[in-house]
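The values are calculated or read from the model by the stated rules, or taken from the named source; none is laboratory data. Model, not experiment: these values are computed from the prediction. Cβ coordinates were reconstructed from backbone atoms using ideal geometry, including for glycine residues, and neighbour counts include every protein chain displayed. Protein only, heavy atoms only, side chains kept; ligands, DNA and RNA dropped before computing areas. Shrake-Rupley method; radii C 1.70, N 1.55, O 1.52, S 1.80 Å.
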Amino acid sequence: ETIEMLTKLRIKNFKAWKDTGEIRLAPLTVLFGANSAGKSSLGHLLLALKQTAASADRRRALHTGDENSLIDLGTFVETLHGHDKKAALGFELEWTVPHSVNVQNPLDRRQAYQGDRLALVTTIAAGANEQPVVRKLRYEFRAEGASVLSADLEHRNSKFELSVEPYKLVHAAGRKWPLDPPEKFYRVSDHSLARFQNADFLATFALEVERALASLSYLGPLRDHPHRTYGWAGNTPESVGAKGEYAIACILAAEAAGRRLNRGKRKRQQSFTAFIAQWLVDLGVIDSFTVRPTAPGRKDYEVKVKTRAGLTEVALPDVGFGVSQVLPA
């Protein structure tokens, strides 16, 4: 199964980072560094972007968080490197586009563009009231690492201007009005797009940003304590949760959906629970585990674990704490 995957990241003037430089992201990327070196900050920005994209408020350039959000970064100025109000937060994201995305100029059918990656480059500054405002955003549609199409929305001379290369935007009849500011950190507003005859592809790019950020999941370092029973009403959680609190519900949902996995080509497929159990066995954490209802017809489930062959099954809280911590991962 092919999914969206971040392939590059660069951050400027964010918390501990003046400039991260270009960070190449692989299927498995491990960051090493001393305490307070800024490792967590990289994930914190991604979580802030994810919760901004999910926010109903399109006017907010960056949702820095509150007690109900994925991450709470405080005020926008507090996120800036050195709390410098004059510094601009900048970031570049590149990610793979697994499905077919084609851009065609509706005014010239010969101008068609295909790519396998999208990049978004955004600059956000503190406005007059110290709230985040977008000064510039740029999209690049890339194929084999090279840009095949780019679009810039930039604040110049007290107004926003939109430009696209290699083809030129054409104004709609009677629509040469000023452009709206961007919505959030990545959207050219629908009103602004309506000013042109051939800019609709930017709405598709915005949807791709939302799709890529929605695919991000965060599993924190401090996870839920094990429970004797877990409730599950048949729903499919979006993720295991920041504290791994939905891990058992995820397993049950995957089992109910009949999901089967293997470790690679020509390897035997297993049910989801058996697949997870085999990893835990190979890690030397357990011998076996099962998830089953506490009684027929109940929506409460218990996790039973054998730490070694021949031993009696016990409840998850009765084995080493590490099992409940590694299971969400």
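With the requirement that a residue be open to solvent by 40 Å² or more (accessible area, probe 1.4 Å) and in a strand (DSSP E or B), what does region 107-128 give you?
Filtering region 107-128 down to residues open to solvent by 40 Å² or more (accessible area, probe 1.4 Å) leaves 107, 109-112, 114, 116-117, 121, 123, 128.
Within region 107-128, 112, 114, 117, 121, 123 qualify.
In this structure, residue 69 does not qualify as farther than 30 Å from residue 166 by Cα and not in a loop (DSSP other than H, G, I, E, B). Residue-level check: of (1) aliphatic (A, V, I, L, M); (2) within 26 Å of residue 28 (Cβ to Cβ); (3) open to solvent by 30 Å² or more (accessible area, probe 1.4 Å); (4) in a loop (DSSP other than H, G, I, E, B), residue 274 misses just (4). Every condition in (1) touching a residue at least 24 places away in the same chain (Cβ under 8 Å); (2) among the hydroxyl-bearing types (Ser, Thr, Tyr); (3) part of a loop (DSSP other than H, G, I, E, B) holds for residue 100 except the one numbered (1). If you go through region 306-329 and keep only what is farther than 22 Å from residue 221 by Cβ and open to solvent by 40 Å² or more (accessible area, probe 1.4 Å), you end up with 306, 307, 308, 309, 310, 311, 312, 313, 314, 318. Restricting the search to strands (runs of 3 or more DSSP E) fully inside region 129-184 and requiring at least 3 residues that are of a type in the set (A, V, I, L, M) gives 132-143, 146-156.
Taking first residues from region 37-56 that are on the phi > 0 side of the Ramachandran plot and partners that are open to solvent by 20 Å² or more (accessible area, probe 1.4 Å), the Cβ contacts under 9 Å between residues at least 6 apart in sequence or on separate chains come to 38/15; 38/16; 38/17; 38/20. What residue, among those in region 237-256 that are without any contact (Cβ under 8 Å) to a residue 60 or more places away in the chain and in contact with a helix residue (DSSP H, G or I) (Cβ under 8 Å, 6 or more places away or on another chain), is surrounded by the most Cβ atoms within 10 Å (Cβ to Cβ)? Of everything passing the filter in region 237-256, 251 is surrounded by the most Cβ atoms within 10 Å (Cβ to Cβ). The single residue among 119, 146, 125, 112 that is in contact (Cβ under 8 Å) with a residue 40 or more places away in the chain and aliphatic (A, V, I, L, M) turns out to be 119.
Screening residue 78 against (1) part of a loop (DSSP other than H, G, I, E, B); (2) on the phi < 0 side of the Ramachandran plot; (3) open to solvent by 50 Å² or more (accessible area, probe 1.4 Å) leaves a single unmet condition, (1).
Could you tell me which residue of region 148-171 is most open to solvent (accessible area, probe 1.4 Å), considering only residues that are farther than 22 Å from residue 12 by Cα and hydroxyl-bearing (Ser, Thr, Tyr)?
By that ranking, first place goes to 158.
Considering the conditions (1) free of Cβ contacts under 8 Å to residues at least 40 places away in the same chain; (2) of a type outside the set (D, E, K, R); (3) in a loop (DSSP other than H, G, I, E, B); (4) surrounded by fewer than 15 Cβ atoms within 10 Å (Cβ to Cβ), residue 233 is excluded by exactly one of them, (1). For region 249-271, residues that are more than 16 Å from residue 234 (Cα to Cα) and not in a loop (DSSP other than H, G, I, E, B) total 4. Being modelled with pLDDT of 95 or more, under 22 Å from residue 119 (Cβ atoms) and part of a loop (DSSP other than H, G, I, E, B) holds for only one residue in 87, 61, and it is 61. Considering only residues of region 203-230 that are out of contact with any strand residue (DSSP E or B) (no Cβ under 7 Å at 6 or more places or on another chain) and of a type in the set (A, V, I, L, M, F, W, C), which is most open to solvent (accessible area, probe 1.4 Å)? Result: 222.
Scanning region 16-40 for residues that are in contact with a Ser or Thr (Cβ under 8 Å, 6 or more places away or on another chain), part of a loop (DSSP other than H, G, I, E, B) and open to solvent by 50 Å² or more (accessible area, probe 1.4 Å) gives a single hit, 16. Just one of the listed residues (268, 298) is modelled with pLDDT under 90 and out of contact with any helix residue (DSSP H, G or I) (no Cβ under 7 Å at 6 or more places or on another chain), and it is 298. Of the candidates 303, 281, 285, the single residue that is open to solvent by less than 70 Å² (accessible area, probe 1.4 Å), at pLDDT 90 or above and either within 31 Å of the chain's Cα centre (by Cα) or not acidic (Asp, Glu) (or both) is 303.
Selection of region 288-300 for residues being hydrophobic (A, V, I, L, M, F, W, C) and surrounded by 12 or more Cβ atoms within 10 Å (Cβ to Cβ) yields 289, 291.
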